[in-house]
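Student: Okay, here's the structure, questions in a sec.
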Amino acid sequence: MQDAVLAIEDARFYQHSGVDYKGVIRAGLAQFSEARSQGASTITMQVARNFYLSTEKTFTRKIYEILLALKIESQLTKEQILEVYMNQIYLGQRAYGFASASEIYFGKPLKDITVAEAAMLAGLPKAPSAYNPIANPKRADAAPALHHRAHARQRLHHAEQREAARKADAALPRACRRGRCMPSTWPRRRAS
């Protein structure tokens, strides 16, 4: 799950100190061209924004976000930052954190999800309501969601894992379109 999240949200997470200056420059250049808007927020900056700052989109708030991200990086390890992010990020359907989202969307613990399911979850932070497979199954299968899954699949190390993910990924959109990923069709677990 961590590899999928890092592939989609912050591929250079372990190379920067809270602010990805290359990403900031890329996003700044895209802002002045006709290119699609690009995000420059690292996972650390998202933690700073989501837990400590307002959601207003102002230059001043972005400066505070950068300064706070640098402070967070100086106080916490990369593993601690990633843990906070993965356990607290909003993923739609009242799910905060990937373990909760796994239960809500797939009816099983995070440790039991497939690579394709992990990649689908990893794409949710960008737009939880837009790519939510329960409320919006067709949009969850749209090109951006497929791109997120493909990007996460690229981070897999073994050819067998990549092939299994490709096959599972190809089946996931059809299953959602037929309503199989809806909560009413999940297998019910017996109470222990």
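Values in this text are rule-based calculations from the coordinates and carry no lab data. Remember, predicted model here, so these are calculated numbers, not experimental data. With ideal geometry, Cβ positions are generated from the backbone for all residues, glycine too; neighbour counts draw on all protein chains shown.
Student: Which entries in 22/108; 57/111; 57/108; 71/111; 22/78; 71/108 show an alpha-carbon gap greater than 29 Å? Walk me through the intermediate numbers first.
Tutor: Details: 22/108 38 Å; 57/111 36 Å; 57/108 36 Å; 71/111 32 Å; 22/78 19 Å; 71/108 36 Å.
From 22/108; 57/111; 57/108; 71/111; 22/78; 71/108, over 29 Å: 22/108; 57/111; 57/108; 71/111; 71/108.
Student: Mind checking region 1-95 for chymotrypsin sites (Phe, Trp or Tyr not before Pro) that DSSP puts in a loop (not H, G, I, E or B) and that have at most 12 other Cβ atoms within 10 Å? Could the numbers behind the result be given before it?
Tutor: Details: sites: 13, 14, 21, 32, 51, 52, 59, 64, 85, 90; in loops: 13, 14.
Sites meeting the loop and neighbour criteria: 14.
Student: OK, next. Residue 52 versus residue 79, label points 7 Å from Cα toward the beta carbon: distance in nm?
Tutor: 2.2
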